[in-house]
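Read through the structure below, which is laid out as structure tokens, and then see the notes.
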Amino acid sequence: MIDNDTQALLERRQQLLGPMSTFYDEPLHLVRGQGVHVWDAEGREYLDCYNNVPHVGHCHPKVVEAICSQAATLNTHTRYLHETILEYVERLTATFDKSLSSAIMTCTGSEANDIALRIAQSVTGKSGVIATDHTYHGNTMAVAQLSCTNPPPGGHWPNIRHVPTPDSYRDARTSSGELDATSFTASVEQAIQSLDAAGHGTSALVICPYLANEGFPDIPPGWLNDAVAAVRRVGGVVIADEVQPGFGRIGTHFWGHQYAGFVPEIVTLGKPMANGHPVGGVVTQHSFLESFRRDFRYFNTFGGNPVSAAAALATLNVVEEEGLMENARVVGDYARTGLTQLAQRHACIGDVRGRGLMFGAELVVSRDTKLPATKLAKQVANGLRQRGVILNFLGIHYNTLKIRPPLPFSKANANHLLDTLDATLTDVLQQYNVDVDQ
Ligand SMILES: Cc1ncc(COP(=O)(O)O)c(C=O)c1O
């Protein structure tokens, strides 16, 4: 039930901002956050199991202090010299392979991907781009072309090719039990041929190495290598979109591509980079930036300003000082084990997967048929919200619970999540009509 105040706020918002969806049947009106918790306008506390932007915790005092103190000192743009952006880029690039030594700071992940596409075009002299068919890389005119879930009105540009998203729960396995990469590689090769035949050539494969928006199918290290090699054979480059898995979230590696086992030519960053302050970035080879700056006159008024650089630097410092990547590994393993145990009691949990603090469970109508329980996933997310735990669902069938909390998430928080999920599943399943999901 939506109360009168919430309804009034929704209508005012709709009037002022246009139709724009909110999470949950009963939208949340959040007014405060701290650590891994947020509070609504009535003072009700929620465990945040979803938001990756407050990477080191909502309103982390060190990030707040860095923003406030720089904002009280000076904020300009990158046509003036400033040391903080240089210190930040030195520190940031030190976390990558040596070849990835230069960066551009932006305000969003979309801008970062837009620049990455232009860098790829500049260094290859080609325009064809390959992406998966269930991805999201942002909202600029060019980057929106990469989406199949919200295809642009009038159709995709002719230089875009989509390849099928792997489904580790259902697709064929090799004799050693691993997800077979053959058909994914073949799709990339086909896309390359098609781009060649159309005269575009292949400039880039743009891919999240964790396939986060695709529902994080379980792809083992090396799985993408043949597809990457196919792109490179024709002179194309690989753009790793690290907006979701980056900055230590997956626990064992600081970057998703490091776990995947390849070094991209270009990496794009966003969401968690400055703990909520709008910062994104592109990290690449120095010669690539030279080529880009030669071909495109690029300036970003707000990208890399001293306040943004200070916020990003403080965030990186906290990740390291508080050992948050290790925490993601330990607590992520613990929570996934708990989720697997929960699957013994709830047959609707078909698959548990993920790494570090980006994991989840795929809900199914039946484990035999593996039919996605999409409506159930929505009911569970809403039921959890009513019980003070926020998460959401995604994936190619929109039936995968997506658990991606701020990194200071503890084992006690994981227990709270698991207990609440257990109670919610029990409750929701009592009213669940399987036929509705079939
Ligand atoms: C993988 C990925 N790339 C890029 C973006 C775009 O980032 P932004 O919303 O900061 O433009 C998103 C946003 O959800 C994303 O999930």
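Restricting the search to region 206-236, which residues are assigned to a helix (DSSP H, G or I), touching a residue at least 40 places away in the same chain (Cβ under 8 Å) and in contact with a strand residue (DSSP E or B) (Cβ under 6 Å, 6 or more places away or on another chain)?
Hit for region 206-236 is Val231, nothing else.
Going by what's in this entry, would Thr95 be described as touching a Gly at 6+ places or on another chain (Cβ under 7 Å) and hydroxyl-bearing (Ser, Thr, Tyr)?
No; evaluated as a whole, the condition is false for this residue.
When region 236-251 is examined, which residues are found to be more than 10 Å from the ligand (Cβ to nearest atom) and charged (D, E, K, R)?
Within region 236-251, Arg249 is the sole residue that qualifies.
Exactly one condition in (1) out of contact with any helix residue (DSSP H, G or I) (no Cβ under 7 Å at 6 or more places or on another chain); (2) away from the ligand (no atom under 14 Å from the Cβ) is false for His257; which is it?
In the conditions (1) out of contact with any helix residue (DSSP H, G or I) (no Cβ under 7 Å at 6 or more places or on another chain); (2) away from the ligand (no atom under 14 Å from the Cβ), His257 misses (2) alone.
Among the residues of region 79-119, what is the count of those that are more than 16 Å from the ligand (Cβ to nearest atom), more than 16 Å from Met273 (Cβ to Cβ) and either touching a His at 6+ places or on another chain (Cβ under 7 Å) or not basic (Lys, Arg) (or both)?
The total comes to 9.
Would you point out the residue of region 68-107, among those that are crowded, with 19+ Cβ neighbours inside 10 Å and under 27 Å from Val36 (Cβ atoms), that is nearest to the chain's Cα centre (by Cα)?
Among those residues, the one meeting the criterion is Cys107.
Looking only at region 238-261, decide whether some residue is modelled with pLDDT under 95 and either assigned to a helix (DSSP H, G or I) or aromatic (Phe, Trp, Tyr) (or both).
Within region 238-261, none of the residues are modelled with pLDDT under 95 and either assigned to a helix (DSSP H, G or I) or aromatic (Phe, Trp, Tyr) (or both).
Restricting attention to region 284-321, which residues are more than 18 Å from the chain's Cα centre (by Cα), under 27 Å from Gly35 (Cα atoms) and part of a helix (DSSP H, G or I)?
Pro306, Val307, Ser308, Ala309, Ala310, Ala311, Leu313, Ala314, Asn317, Val318, Glu320, Glu321
Determine, yes or no, whether Ala116 is over 25 Å from Gly251 (Cβ atoms), within 21 Å of the chain's Cα centre (by Cα) and of a type in the set (Gly, Ala, Ser).
Yes; evaluated as a whole, the condition is true for this residue.
Search region 182-205 for residues being in a loop (DSSP other than H, G, I, E, B) and over 11 Å from Arg161 (Cβ atoms), and hand back the single one that is farthest from the ligand (Cβ to nearest atom).
My answer is Gly199.
Suppose we keep only residues that are closer than 16 Å to Ile266 by Cβ and more than 10 Å from the ligand (Cβ to nearest atom) within region 206-226. Which one would you say is surrounded by the fewest Cβ atoms within 10 Å (Cβ to Cβ)?
Leu224
Those residues that are more than 16 Å from the ligand (Cβ to nearest atom) and either buried (at least 19 other Cβ atoms within 10 Å of the Cβ) or in a helix (DSSP H, G or I) (or both), I need them from region 263-283; list them, please.
Across region 263-283, the qualifying residue is only Glu265.
Count, please, the residues in region 382-418 that happen to be out of contact with any helix residue (DSSP H, G or I) (no Cβ under 9 Å at 6 or more places or on another chain) and assigned to a helix (DSSP H, G or I).
Total meeting the criteria: 3.
Condition check: surrounded by fewer than 24 Cβ atoms within 10 Å (Cβ to Cβ) and either touching a strand residue (DSSP E or B) at 6+ places or on another chain (Cβ under 6 Å) or on the phi < 0 side of the Ramachandran plot (or both). Does Phe254 satisfy that?
Here the answer is yes, as Phe254 does meet what is asked.
When only residues in region 120-160 that are among the hydrophobic types (A, V, I, L, M, F, W, C) and within 15 Å of the ligand (Cβ to nearest atom) count, which is modelled with the lowest pLDDT?
The residue in question is Cys148.
The values are calculated or read from the model by the stated rules, or taken from the named source; none is laboratory data. Bear in mind the structure is a predicted one, so any value in this text is a computation, not a measurement. Don't worry about glycine lacking a Cβ; one is built from the backbone with ideal geometry, like all the others, and counts go over all protein chains shown.
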